[in-house]
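Comments concern the structure below.
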Amino acid sequence: MPDLTFTQVDLRVGDEFWVVRWKLSGTSVTGGTVDVDIADMVTVEGGAVKEKHTYVDGVAMAAALTGPSENA
């Protein structure tokens, strides 16, 4: 996606964590508009990142990365 952008949708911060919701946007291989929801969940221990987990809307991502069917 040559015009790939990430936009921060929401940020929640606590003493031992933060959660960020993102919107990935761009143009798919088929020329359509792509909007994919992503969330990062981060835990902090002793002032350092302990764990980071990223959750992606896999269906939307697969649709964005899949070209037109050869049988279409």
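The values are calculated or read from the model by the stated rules, or taken from the named source; none is laboratory data. None of the values given here were measured: they were computed from a predicted structure. Note that each Cβ is placed from the backbone with ideal geometry, even for glycine, and that neighbours are counted across all protein chains shown. SASA here: full protein model, heavy atoms, side chains in, ligands and nucleic acids out. Shrake-Rupley method; radii C 1.70, N 1.55, O 1.52, S 1.80 Å.
Scanning the range 46-64 for residues that are of a type in the set (D, E, K, R) and at pLDDT below 95 turns up just one, Asp57.
A single member of Asp40, Asp3, Asp10 is open to solvent by less than 80 Å² (accessible area, probe 1.4 Å) and in a loop (DSSP other than H, G, I, E, B), and it is Asp3. Residue-level check: of (1) part of a helix (DSSP H, G or I); (2) open to solvent by 40 Å² or more (accessible area, probe 1.4 Å), Ala64 misses just (2). Output the number of residues of the range 27-37 satisfying the condition of being in a strand (DSSP E or B) and either at pLDDT 90 or above or open to solvent by 20 Å² or more (accessible area, probe 1.4 Å) (or both). Here the count works out to 5.
For the structure I just gave you, tell me whether Gly31 is farther than 25 Å from Ala63 by Cα, over 12 Å from the mean Cα position of the chain (by Cα) and free of Cβ contacts under 8 Å to residues at least 12 places away in the same chain. Criteria not met by Gly31.
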